[in-house]
Structure formats: structure tokens, C-alpha cells
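*Asks:* Could you have a look at this structure, given as C-alpha cells, before my questions?
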């Protein structure tokens, strides 16, 4: 919210509390509200307060509003998709392209994965959602990273597919798949053509069923 939205927000909050016959929070409490809700527009806050009043008989607190905000679309996978991606990192031969939060959450869950996959999944989901919420609150964009496996052929397929769908930049991918780059010291058109053909071949293979990320 902008500073100019403060008066409207106080009116909205006062209406909610007055409807429930409760006194408005003190000035210190209102300042906390404004700090927590700063990333959101007054329109979003108004809609979230209205939803809370329809669903609850208790006065709203900041968390009630935040949890009713629309989910942000920032290309981060949801917890279930992230878990499916993370499971590919179980085999050290396989290369995985995942988000920073996915990698961190999997490192937490991996210690119990072999003994209790259900427990590992629950631990992963809790950690992942917490990490994503923190990243979004901090305004950090999604960051896709590659965890390289030992299988070179599978690595090429996965990395090129990640480039195709926009999860890795081509320049970044060249560091993992050197065969796609001509030597910097001397440009050889024959090598360049061979590398281009190789990229097309790998991209075509990545589009086959069962080989996508």
C-alpha cells in the first residue's frame, strides 16, 4: 500500500471491527498492519478483508489478510510439482534443474527419504512453502539452477530442455554442455555447424515423451 492509502485502510479496518462490535487496534498495532501489508495494493487488501468478513466471525489480524492474498505467479512450481522435480535428484547419475528453494527443501527432506518417503515429502513441502513465502516477501525472483549428475547423455537432454522452456539461459547451459559451444580462441564454421546440429538433435530428443523435465 502507498502512504496515501493509509486513511482508506484505517476506515476499512474500523468497519470490520465495528461490525463485530470490537474496538480498533491501538496506533502501534495499526503501524504493524501497515508494515505487513505494504507489499500489497489497497484493492488487494480491501478484497482480502471482505473475504475474511464473509468467512470468519473474529476480528481480522494481519495474517488473515496475507493468507487471503492472490497467489503470486512468479514461475515457481507449487509444492507438489517441486517434490516431483526434487525426486529426480535422488539418483546421483541424473541431472536436475530446480529452483533454489526446491534444492534447499530437498536437502532437508533427503535424510529421511530412504526410510520414510511420506515423512520426507511432508518435510519437503513444509520447508519449500516456507522458503518460497520468504523469498516472495523479500521480492526475490525465481532462480533455476542445475545440479549435475554423472550421466553425461542425460545431462545434455535435461540442460537443453531447460534452455528450451526458459529455465536456463543458453550461455549458462554452455558451461554444462561444452559441446554446444565453439572454441572462443578460433571460430571454426564446421565446428559451429556440428554444434548447431547437435543442439537440434538433443532438443528433439528432449521433446519425446518421458524425457522432459
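Read-outs: derived from the displayed coordinates by stated rules, not from any lab. Worth saying up front: this structure is predicted, and the values here are computed from it rather than measured. FYI the Cβ positions are ideal-geometry reconstructions off the backbone, even for glycines, and counts take in every protein chain you see.
*Asks:* Could you let me know the centre-to-centre spacing of segment 10-64 and segment 96-158, using Cα atoms, in angstrom?
*Replies:* 35
*Asks:* Mean 1/r over all different Cα pairs, inverted: what Kirkwood radius does segment 66-136 give, in Å?
*Replies:* When all Cα pairs of segment 66-136 are included, the Kirkwood radius is 12.5 Å.
*Asks:* I'm a student and want to see the number: the projected area of the Cα convex hull of segment 3-66, averaged over all directions, in nm².
*Replies:* 3.9
*Asks:* Additional query: Relative contact order, percent, of segment 3-66 when contacts are C-alpha pairs under 8 Å separated by at least 6 residues?
*Replies:* The value is 39 percent.
*Asks:* How do 14-22, 140-148 rank on mean C-beta neighbours within 10 Å, highest first?
*Replies:* Per-residue mean Cβ counts within 10 Å order the peptides as 140-148, 14-22.
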